[in-house]
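Here is the structure we will look at, set down as C-alpha cells.
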Amino acid sequence: MSEARAAQTATSRPTPPEVDRVAASRAAVAARRARAALKAQIASGERTPESVLDQGAREPDGPAGTLRVTDFLLSIPAIGVTKMNATLEKLQISPVKRVGGLGRHQRERLREFLRERAKLSSRSRGKSRLVVLAGPTAVGKGSVSAYIREHYPEVHFSVSATTRKPRPGEIDGVHYYFVDDAEFDRMIRDGELLEWAVVHNQSRYGTPRGPVQRALDEGRSVLLEIDLQGARQVRRAMPEATLVFLAPPSWDELVRRLIGRGTETSDEQQRRLETAKVELAAEHEFDKTVVNASVPEAAREVVELMALPSH
Ligand code: 5GP
C-alpha cells in the first residue's frame with residue numbers, strides 16, 4: 001500500500017453517499033422515538049419493566065435492546081437518579097450498558113430486583129396481584145371485564161377454556177379456548193387447570209394455570225372473570241387472591257338484565273335465574289363488593305384493588 005493510501009485509510013473512512021446518510025439519520029430518529037415510547041409505556045404502567053427486559057434479551061437491536069439500562073431504570077415510577085445509581089452498583093451493572101447487552105447473571109439479578117420491588121410496593125399499598133371477579137349471572141361481569149380490557153391494558157386477562165360452543169363473534173383464544181370434552185378431560189388430568197366448574201349445569205369452564213402463573217412471575221396483575229364455584233377454588237389454591245363480588249343495583253334490575261340479554265332460550269333463562277339466586281346469597285364470602293350501577297365506575301373500582309404501577 002502506498003504511503004498516501006495508508007494515510008487516507010487510517011484517517012478518513014469513505015463518506016457515505018448523501019442518500020445513505022439521510023436514511024441513516026432517519027433510522028436513528030425512528031429508533032430514538034421508539035425508545036422514548038417504550039420509556040413512556042413503562043412510566044405509565046402500560047408495560048411492565050419485566051416485559052421490556054425480556055424483549056431486550058430477545059431483540060438486542062430493537063428499541064428495548066438498545067435502551068440504556070440507566071434510562072430503563074429511570075422510567076420506572078419512584079426510581080430517581082440516586083436510587084438508580086445505587087441499584088446499578090448493587091447489581092454490579094455498568095451504567096453504560098444497554099438492556100440487550102446485559103449478561104445472563106446481570107439480567108437475572110435485575111429481574112429479581114424488579115420482582116422484589118413489585119412485591120413490596122403492592123404489599124405496602126394493600127393491593128392484590130390476583131383479582132377474581134365473580135357475581136351472579138347477567139350482573140354484567142362481561143361488560144365490566146371488557147371495559148377493563150379496553151382501558152387498562154396493563155391488566156393481564158386469563159382466557160378460560162370451555163366446552164360450550166362459540167357464540168357469534170367469539171374468537172377462539174381471545175374470548176375462550178373452545179375445546180371438546182376429551183380435551184377438557186385431558187387438561188384436568190394433566191393438572192393444567194387452576195380451577196374448573198360446570199356452570200349453569202351445562203358446560204365446563206376452567207382457568208389454565210400456566211399463563212396465570214407466568215404473568216404473576218413477570219410481576220403483572222391478573223384478572224380472572226369466573227363463576228362462584230371457581231372463585232372458591234382459587235381462594236383455596238391461592239389465598240393471596242382478592243375476591244370481588246360484582247352485585248346488581250337490585251334484584252329487579254338483575255332479572256331485567258337476564259331477560260334483556262335475549263341470547264338464551266326461556267329454559268336457559270330460568271336455569272340462569274336459579275343460579276343467580278344461589279350466587280347472590282354468597283356475597284359474604286367475598287373480600288369486597290362492587291355494585292355495577294355504571295360499567296366504567298365499577299371497572300375503576302375493580303382496577304383500584306389491583307397492584308398496578310400507575311393506578
Ligand atoms: P358465558 O357462557 O356467558 O361466557 O359464561 C358463563 C359463566 O361462566 C360466567 O358466569 C363466567 O363468569 C363463567 N366462567 C367463565 N370462565 C370461567 C372459568 O374459567 N372458570 C369458571 N369457574 N367459570 C367461568
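If amide H atoms are built 1.01 Å from N in the plane of the peptide, which residues on other chains or at least 5 residues away come under 5 Å of the amide H of Tyr176? For Tyr176, the qualifying residues are Ile171. Relative to one another, the C-alpha centroids of segment 41-103 and segment 201-226 are positioned 28 Å apart.
Taking Ala138, Ala197, Ala282 in turn, the Gaussian network model of the chain (Cα-Cα springs below 10 Å) assigns the largest fluctuation to Ala282. A DSSP coil position with no more than 14 other Cβ atoms inside 10 Å describes the following GluC sites (Glu not before Pro) in segment 223-311: Glu240.
The GluC sites (Glu not before Pro) found in segment 109-218 that occupy coil by DSSP, while having at most 14 further C-beta atoms within 10 Å, are Glu170.
Charge dipole (Cα centre; +1 on Lys/Arg Cβ, -1 on Asp/Glu Cβ; no other charges) of the chain amounts to roughly 1360 debye. Roughly what angle does helix 295-304 make with the longest principal axis of the chain, taking Cα atoms, 0 to 90 degrees, to the nearest 10? Long axis of 295-304 versus the principal axis of the chain: about 60 degrees. If only the Cβ of Lys and Arg carry +1 and only the Cβ of Asp and Glu carry -1, the dipole of segment 126-256 around its Cα centre is close to 260 debye. Sites listed here are trypsin sites (Lys or Arg not before Pro) in segment 155-230 whose DSSP assignment is loop and whose Cβ has at most 16 other Cβ atoms within 10 Å: Arg164.
If you model the chain as an ellipsoid using its alpha carbon gyration tensor, with each semi-axis the square root of five times an eigenvalue, the axes come out at 49, 22, 19 Å, biggest first. Using the alpha-carbon atoms, what tilt in degrees (0 to 90, nearest 10) does helix 266-280 show relative to the longest principal axis of the chain? With both axes taken from Cα atoms, the answer is about 80 degrees. Rounded to the nearest 10 degrees, the angle from helix 104-124 to the longest Cα principal axis of the chain is 40 degrees.
Only the coordinates and a few stated rules stand behind these numbers; no lab work does. Predicted, not measured: the structure shown is a model, and the values here were computed from it. Backbone-built Cβ (ideal geometry, glycine too); neighbour counts: all protein chains shown.
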